[in-house]
Structures are given as C-alpha cells and as structure tokens.
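To keep things clear, I will list the structure first and then write my remarks on it.
The values are calculated or read from the model by the stated rules, or taken from the named source; none is laboratory data. Every value quoted in this text rests on a predicted model; they were computed, and no experiment measured them. All Cβ positions, glycine included, derive from the backbone under ideal geometry; neighbour counts span all protein chains shown. Accessible surface is based on the protein model in full, side chains and every heavy atom, while ligands, DNA and RNA are left aside. Shrake-Rupley method; radii C 1.70, N 1.55, O 1.52, S 1.80 Å.
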Amino acid sequence: MHLLENQVICANIYTLKVLIIQTAFIGDVVLATPLVEKLKRFYPGAQIDFLLRKGNEKLLVHHPFLRKVLIWDKKRSKYKGLLEVMHQIRAEQYDLVVNCQRFGASGLLTALSGARQTVGFDKNPFARLFSHRVAHRFGTTAQPIHEVSRNLALIEHWTDASFEKPRLYPTQADHEKIRALREKGPYACIAPTSVWFTKQYPPHKWLELIQTLPGDCQVFLLGGPHDTPACADLLAAADRSNVKNLAGQLSFLESAALMQGAVMNYVNDSAPMHIASAMNAPVTAVFCSTVPTFGFTPLSDHHCVVQTRHPLDCRPCGLHGFRACPKGHFKCAETIEVREFPVVDVSSL
C-alpha cells in the first residue's frame, strides 16, 4: 500500500480522486499521459480527471483510465473561464491535484483547489502554497532528463521512481476511418509543419526527402486545418502520384492510428513526435533550433533524432522556437542533410 500523507489508500474502503492539470499544447498533454497510466497502475480504483485547454479534449475523450476531462476555454474568456474551472475543481473535492505546469494561472488553480494534497514544480509562482514542491530541472547532453521523467517526479511521492511511456487510445471508429489508407500498401507519414518557424524543417528539404522514399511507398502529409496550405504546396511540388494531403481531414486519434501503421513517421520537434511516441510508432524527429537536451525526444522503440552536425553558437536560440531565425540564416535547419535520415526499406513488408 501507499500513503497519502498518513492515510492508507485502499481500493476497497477508499476511492482516490485525482486531478491532473496540463493546459498547454497538444504535445504537453500527450507527455502528461504517463501520470494517468502510473496512477491507475498503483491505485486501480482511483478516479482520475484531467484538465486541459479547449481544442485538445479529443486527445483524451475516450481514454479508458479517465473519469472526466475538464476543459478550460482560454481563448473565449481566459479569466472568466478560469473562475468557472475553479468552481468545478473545488466542487469535486479532490484528494490530490497534480500540476504539470510552471505558469501562474495553473498554480492558482492548484493552490485554491481545496484538494487534500497538491503538488507542482518549484518554479511555479504559487509553488509555496502547494503541499509538495518538486524541482524542475533540465538535463545535460551527458545526462538528459526527459519531460516525462520531470512529470513523473511529481507523483513519485505516491508511487515510485519507475518510468512510464505516454499512451493514447484511438477507438475502433478511429481505426475504421483510416483502414482504407492503411490497406493500400506500405506508407510513410510526414508532419511537415510546426507552430514555430524555427522548429520546422524547410519545405524544400521535406520535398527532397519525399523524392528519396521508395516509389512504391505511399506518403501521407499530416497536420491540422491551419497546416492545409503548407501541405498543399508540398503536394503540388512533389513529383510523384502517391502523395496525399490529409491535413485537416483527420482527428488527433485518427492521425495517431494512421501513424501506428507507418513504416516511418517524419516529424519536427512538435506534437506529432509525441503522438508517435504514444503509439510506439517508428519515428524520425528533426531538431532544428531546439536540442534534444531540453528533454522532448521521441520515446518509440524505433526512433531516430536528426540534427545538424555543424557547431553553431546560436543553437539553441530558445526553448520553444521563434517566428523567424534571429540570425537570418536558419543554418540549424538548412545544414541538416537528407542523407542523414534513416533509409526506408519496404521490400521486406
């Protein structure tokens, strides 16, 4: 058994109620799912809820280990929505609130949650009001610390120090939606865009990669509705008939189901990389302005990280990336050669 302070948690006499808070971007939500997996493993009878930002709820809406997904609509009315979410959280009377973020708003929600126990990172502005504070640390090239490990450290007090991978759960309907695509033969997925320009491998480089893929390998371009024009341009420039633009046509979980069956998924340091990890799908991740040391590398059994071999004193230029290269040359991306990518062999499939 494990202790929540001095109280023994026993599934037969007590149901642990937990809220996990992660209201950042899609990839951040995916990297918080190991908390759900691990808490459910240690406390099978636990009722686990998850708070995320509006737009990301379809990632977890059918998650088998979640009781409820709470939604904070930041765009409509950030502070009014914050107050509404606060009332929801306090009404639930959680035993434990786990805050995966370092921002003030989530810290305020945690501190005023009314939960028996609260935990978050020590860098949160409201950390002094939490029951437990965990050091937020970045690793080094020699000793990297993955974001998942940082998140899992938040619940180590109630579980143990073991690692847990992220996981998503596409439904049968999600798999049926992409069945016809998977049955056409071997295929690769490319998610060529990113919210940040400096985290995005250039279009002409993606085009060069497409030309190197085996002729009998289908290529599916993935992305959200806002990525449709960029993927359409790439499709128009590709000199092959078996490239299909699926941007804006698939949900998060439908894309995840498609990526699971790919011979390779090519992605930037962005959400599709983490979705591939959650499906244990083969993935090649391109790191341009950011570096693996930040702790956001792929976790699939079959993965590869591609980055420049040139020493650049301007890299990394930031944790998240920029709208344009601060130096104007974008060498961190332009010097990544396509020949560095792993070779895709479909002859044995």
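Largest first, please: the extent of the C-alpha atoms of region 197-260 along each principal axis, to the nearest Å.
Sorted from largest, the Cα extents of region 197-260 read 29, 28, 19 Å.
How big is the equivalent ellipsoid of region 268-349 along its three axes, where each semi-axis is √(5λ) from the Cα gyration tensor, reported in whole Å from largest to smallest?
Three semi-axes, in Å: 25, 16, 10.
Ignoring any ligand, DNA or RNA, what whole percent of the accessible area of region 140-221 comes from carbon and sulfur when the probe is 1.4 angstrom?
54
Taking LYS74 as the anchor, which lysines have their alpha carbon closer than 27 Å to its alpha carbon, excluding any fewer than eight residues away along the same chain?
Filter leaves LYS17, LYS54, LYS58, LYS123, LYS199.
Roughly what would the spin-label model give for LEU112 and ASP301, points 7 Å off Cα along C-beta, in nm?
So the label points at LEU112 and ASP301 sit 4.8 nm apart.
List the equivalent ellipsoid semi-axes of region 216-305 in whole Å, largest first, each obtained as the square root of 5λ for an eigenvalue λ of the Cα gyration tensor.
22, 15, 13
Would you please report the Å³ per residue occupied by the convex hull of the alpha carbon atoms in region 72-210?
Taking the convex hull of the Cα positions in region 72-210, it is 222 Å³ per residue.
Taking 0.36 nm per residue of sequence separation and subtracting the Cα-Cα distance, how much length would be gained by fully extending the chain between PHE103 and LYS40, in nm to one decimal?
20.0 nm
Which order do the peptides 146-155, 73-82, 125-134 come out in when sorted by mean C-beta neighbours inside 10 angstrom, highest first?
146-155, 125-134, 73-82
Calculate, for ASP345 and GLN172, the FRET efficiency according to 1/(1 + (r/R0)^6) with r their C-beta to C-beta distance and R0 41 Å; round to the nearest 0.05.
My answer for the efficiency is 0.85.
Please identify which residues in region 295-313 have an amide N closer than 16 Å to a label point set 7 Å out from the Cα of GLU337, following the Cα→Cβ vector.
306-311
Roughly how big is region 94-222's charge dipole about its Cα centre, with Cβ charges of +1 (Lys, Arg) and -1 (Asp, Glu), in debye to the nearest 20?
Dipole of region 94-222, to the nearest 20 debye: 340 debye.
How many nm is it between the label spots at ARG90 and ASN242, if each spot is 7 Å from the Cα in line with the beta carbon?
Distance between label points: 6.0 nm.
Given that compact globular proteins tend to follow 2.2 N^0.38 Å, what is the ratio of the alpha-carbon Rg of region 21-114 to that value?
For region 21-114, the normalised Cα radius of gyration is 1.02.
Looking at ASN268, GLN93, LEU52, which one has the Cα that reaches farthest to the positive end of the dipole of the chain (charges on Cβ: Lys, Arg +1; Asp, Glu -1)?
Among ASN268, GLN93, LEU52, the one farthest towards the positive end of the dipole of the chain is GLN93.
Quote to one decimal, in nm, the extra length available between ARG309 and SER251 on full extension: 0.36 nm per residue of separation minus the C-alpha distance between them.
Between ARG309 and SER251, full extension yields an extra 17.3 nm.
Calculate the length of the line joining the C-alpha centroid of region 176-196 to that of region 239-278, in whole Å.
4
Separation between the GLU208 and ASN280 pseudo-spin-labels, each 7 Å from Cα along Cα→Cβ, expressed in nm?
3.5
Put +1 on the Cβ of every Lys and Arg and -1 on every Asp and Glu Cβ in region 92-225; which of TRP158, SER113, LEU168 then has its Cα farthest towards the positive end of the dipole?
Going by the Cα projections, it comes out as SER113.
Which of the lysines could a cross-linker span from LYS184 if the Cα-Cα distance has to be under 16 Å and same-chain partners fewer than 8 positions apart are dropped?
Cα-Cα hits under 16 Å: LYS244.
Using C-alpha positions alone, give me the convex hull volume of the chain per residue in cubic angstrom.
Looking at the chain, the number lands at 150 Å³ per residue.
Can you give me the span-like helices of the chain, meaning DSSP H runs with 18 Å or more of Cα extent along the axis and Kyte-Doolittle mean at or above -1.0?
Qualifying helices, which must be both long enough and hydrophobic enough, do not occur.
Mind checking the per residue accessible area of the chain for me, 1.4 Å probe, whole number of Å²?
46
In square nanometres, what is one fourth of the surface area of the convex hull spanned by the alpha carbons of region 139-288?
10.5
Please give the charge dipole size of the chain, origin at the Cα centre, charges +1 on K and R Cβ atoms and -1 on D and E Cβ atoms. Round to the nearest 20 debye.
980
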